[in-house]
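A.B. asks: Let me begin by handing over the structure; questions about it come next.
Values in this text are rule-based calculations from the coordinates and carry no lab data. Since this is a predicted model, take the numbers as computed values, not measurements.
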Amino acid sequence: MIEHLWIAAGIWLIGSGLVFASIFLFNWVILSIKRFISDRERVDNISTPGTSEHASSADDRKRRAVLAAVALAQQQHAGLEPREFPLPPTAFVSAWQAVSRANHLRRRERGR
């Protein structure tokens with residue numbers, strides 16, 4: 001009996017070890033691919049001398065802010081106001097579903 005428990009514990013440890021090893025392996029593969037892609041993007045995004053990535057990110061933020069301000073001004077100029085989207089049409093309910101739901105509601109009301 002004890003021998004069977006030791007065999008089961010060994011199988012359990014081997015299985016758990018394989019699961020965790022595969023998780024670490026996949027994690028390492030994903031991180032190495034991510035590092036490879038980010039290195040390639042850095043090489044592709046080389047800017048002109050004298051500019052830095054910080055300046056380009058600040059310029060990008062300014063450009064986005066200007067675009068958002070222009071969009072808001074155009075919306076206000078056109079007289080458009082934010083509105084809610086209409087609700088979708090109700091779903092078709094079969095007779096069986098309607099009777100089942102009505103019975104459920106009746107049982108719920110009796111319980112009160």
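A.B. asks: Subtracting the Cα-Cα distance from 0.36 nm times the residue separation, let me have the gained length for R61 to I23 in nm, one decimal.
C.D. replies: 9.9 nm
A.B. asks: Can you compute 3J(HN,Hα) from phi for each residue in region 104-109, using the Karplus curve 6.51 cos²θ - 1.76 cosθ + 1.60 with θ = phi - 60°, rounded to whole Hz and x for Gly and Pro?
C.D. replies: Calculated HN-Hα couplings, in order: 5, 5, 4, 4, 5, 5 Hz.
A.B. asks: For q = 0.33 Å⁻¹, what log10 I(q)/I(0) does region 1-43 give under the Debye formula with an equal point scatterer on each alpha carbon and no solvent?
C.D. replies: Each listed q maps to, in turn, -0.97.
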